Amino acid sequence: MLGAPPASVSAAGFEVVQLGGTIFPADEHKAGIQKLGTLSGRAALSHTTALIARATEAILQEGPSLVREAEVTALVVDQSSFAGGTVADHLDLPFATVCNALLLNTEPGIPPFFSSREPRNSWWSRLQNKIGWAGLNQLYAPIMKQIQEYRRKHGLVVPAQIADTWSDKIQISQQPAAFEFPRQELPKQFRFVGPMRRPDNNTPVPFPWDQLDGRTLIYTSLGTLQNRAAAAFRIIAKACTELDVQLVMTTGRGLAPKNLGELSGRPIIVAYAPQVELIHKSALVITHADLNTTLDALSVGAPMVAIPITNEQPGIAARIAWTGAGETLPAKRVTAKRLRSLVNRVSKEPSYRDASERIRQSIQAGGGAPFAAEIIEESLALSK
């Protein structure tokens, strides 16, 4: 993996082999991720794509030898790691594609993942989709060029598009089926399985439980990457002050709680929290619409107010609104008054929780990590 492994990976007992070396050193990777936390919109999307391009170079140059030395017999490749399948093909290894974020599969009737639009059955909507996907392909062009040149050099089939770099045996998404727009063109090897987490992942996270005072609880998380906008936390706190609620806010690694000072309503502010436990107790989740927090909320049937910032977050927020599991408010339009109105509506109107509960049932039916492991083994013929 690029950069230092998260503590959770090491604690789970996995052996980690780092790559990057002098091509994409760990400190440069870390600096790139930190910069992403200061960006939004198109600038953040372009920066993310540039990071993937750097990672692609490192994976192609170092990946084959590292995988061979580690005596790996099959690969599970993130859908956004476009070069991973090429490493597998170079070594003649089977591989599975896993969509850890919002699925990237192109389809004329579906808005691109970075779009806040919902699907519409009109020529104009399809034209907008076409233009959006074409723009994304332009961003991908330098990455595709690297992959195509490498494959030509090594006598491998040359892909014409990003989708050709994904597995032709099994593609898995951790979205539940009910949390995706109506799809018509997914490949036959595609499966929705829902959140893929270890069933025994119960690492304790300290939290001042004694500070909960019995009022209606609202949980807020703006993620660990794009969460450096202290102003957003202040607006959220101000929006909830006039409501009879208690607010819990997590800042992640991008912003120290003490740097926020004293906020309106004196919310509980921590860097990290036992998220699922708190969401269980909450009437509402305010999120920047990253997939992890969104899935945590949907897993317990909690409604949301989404404030998307960049990358796939607008697409996730659009699905929150489209499914009826919450409402969305673009970051540029956030004011305390607007946010207060949405928080009041979503926390009190039963239809939002009902919609989230329907998706929770879809998550339960999806099978999660155990089913994902089962179908990967079966599809790659690893269980023999």
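Restricting to the range 136-155, count the residues that are more than 23 Å from residue 320 (Cβ to Cβ), in contact with a Pro (Cβ under 8 Å, 6 or more places away or on another chain) and free of Cβ contacts under 8 Å to residues at least 60 places away in the same chain.
Start the filter on the range 136-155 by keeping residues that are more than 23 Å from residue 320 (Cβ to Cβ), which leaves 137-155.
Now narrow it down to the ones that are in contact with a Pro (Cβ under 8 Å, 6 or more places away or on another chain): 144, 147-148, 151.
Now restrict to residues that are free of Cβ contacts under 8 Å to residues at least 60 places away in the same chain: 148.
Looking only at that region, the number is 1.
Please return the ranges of helices (runs of 4 or more DSSP H) entirely within the range 26-113 where 1 or more residues are under 18 Å from residue 309 (Cβ atoms).
Values: elements: 26-36, 41-69, 84-90.
Qualifying helices (runs of 4 or more DSSP H): 26-36, 41-69.
So, residue 355, is that one free of Cβ contacts under 8 Å to residues at least 60 places away in the same chain, among the small types (Gly, Ala, Ser), assigned to a helix (DSSP H, G or I) and assigned by TED's automatic domain parsing to the domain that holds residue 39 or not?
Values: free of Cβ contacts under 8 Å to residues at least 60 places away in the same chain: yes; among the small types (Gly, Ala, Ser): yes; assigned to a helix (DSSP H, G or I): yes; assigned by TED's automatic domain parsing to the domain that holds residue 39: no.
No, not satisfied.
With respect to residue 220, is the statement that it is touching a residue at least 24 places away in the same chain (Cβ under 8 Å), polar (S, T, N, Q) and part of a loop (DSSP other than H, G, I, E, B) true? I'd like the intermediate steps shown before the answer.
Details: touching a residue at least 24 places away in the same chain (Cβ under 8 Å): yes; polar (S, T, N, Q): yes; part of a loop (DSSP other than H, G, I, E, B): no.
No.
Do any helices (runs of 4 or more DSSP H) lying entirely in the range 228-320 carry at least 2 residues that are under 28 Å from residue 136 (Cα atoms), and which ones are they? Break it down stepwise before answering.
On the way: elements: 230-241, 275-281, 291-299.
In the range 228-320, 291-299 are the helices (runs of 4 or more DSSP H) which contain 2 or more residues that are under 28 Å from residue 136 (Cα atoms).
Okay, residues lined up against (1) of a type in the set (Gly, Ala, Ser); (2) buried (at least 19 other Cβ atoms within 10 Å of the Cβ); (3) without any contact (Cβ under 8 Å) to a residue 24 or more places away in the chain:
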| site | (1), (2), (3) |
| --- | --- |
| 65 | yes, no, yes |
| 71 | no, no, yes |
| 78 | no, no, yes |
| 81 | yes, yes, no |
| 92 | no, no, yes |
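Given the criteria closer than 26 Å to residue 317 by Cα, among the aliphatic types (A, V, I, L, M), in contact (Cβ under 8 Å) with a residue 24 or more places away in the chain and touching a Phe, Trp or Tyr at 6+ places or on another chain (Cβ under 9 Å), does residue 52 qualify? Break it down into steps so the answer makes sense when it comes.
Details: closer than 26 Å to residue 317 by Cα: yes; among the aliphatic types (A, V, I, L, M): yes; in contact (Cβ under 8 Å) with a residue 24 or more places away in the chain: yes; touching a Phe, Trp or Tyr at 6+ places or on another chain (Cβ under 9 Å): yes.
Criteria met by residue 52.
Scan the range 114-140 for residues that are aromatic (Phe, Trp, Tyr) and part of a helix (DSSP H, G or I) and jot them down. Give the derivation first.
Taking the range 114-140 first, the residues aromatic (Phe, Trp, Tyr) are 114, 123-124, 133, 140.
123, 124, 133, 140, listed by residue number.
Using beta carbons and a limit of 7 Å, which pairs, at least six apart or on different chains, have the first residue in the range 324-341 and closer than 17 Å to residue 238 by Cα and in the same structural domain as residue 358 (by TED's automatic domain parsing) and the second one of a type in the set (Gly, Ala, Ser) and assigned to a helix (DSSP H, G or I)?
Close Cβ pairs satisfying both conditions: 334/232; 336/239; 339/239; 340/239.
Residue under question is residue 243, and the condition is that it be over 28 Å from residue 32 (Cβ atoms), touching a residue at least 40 places away in the same chain (Cβ under 8 Å) and not polar (S, T, N, Q); does it hold? Lay out the reasoning, then the answer.
Numbers: over 28 Å from residue 32 (Cβ atoms): yes; touching a residue at least 40 places away in the same chain (Cβ under 8 Å): yes; not polar (S, T, N, Q): yes.
Taking the combined requirement at face value, the residue satisfies it.
Given the structure, is residue 164 closer than 25 Å to residue 277 by Cα and among the acidic types (Asp, Glu)? Spell out how you get there, then give the answer.
Numbers: closer than 25 Å to residue 277 by Cα: no; among the acidic types (Asp, Glu): yes.
Taking the combined requirement at face value, the residue does not satisfy it.
So which of 298, 382 ends up being out of contact with any His (no Cβ under 8 Å at 6 or more places or on another chain) and surrounded by 16 or more Cβ atoms within 10 Å (Cβ to Cβ)? Working first, answer last.
On the way: 382 fails: surrounded by 16 or more Cβ atoms within 10 Å (Cβ to Cβ).
From the options 298, 382, the qualifying one is 298.
Would you pick out the residues in the range 332-347 that are out of contact with any Asp or Glu (no Cβ under 8 Å at 6 or more places or on another chain) and of a type in the set (A, V, I, L, M, F, W, C)? Explain how you work it out, then say what you get.
Start the filter on the range 332-347 by keeping residues that are out of contact with any Asp or Glu (no Cβ under 8 Å at 6 or more places or on another chain), which leaves 332-339, 341, 343-344, 347.
334, 336, 339, 343, listed by residue number.
The values are calculated or read from the model by the stated rules, or taken from the named source; none is laboratory data. Since the structure is predicted, the reported quantities are computational estimates derived from the model, not experimental observations. Here the Cβ is made from the backbone with ideal geometry for all residues, glycine too, and neighbour counts use every protein chain on show.
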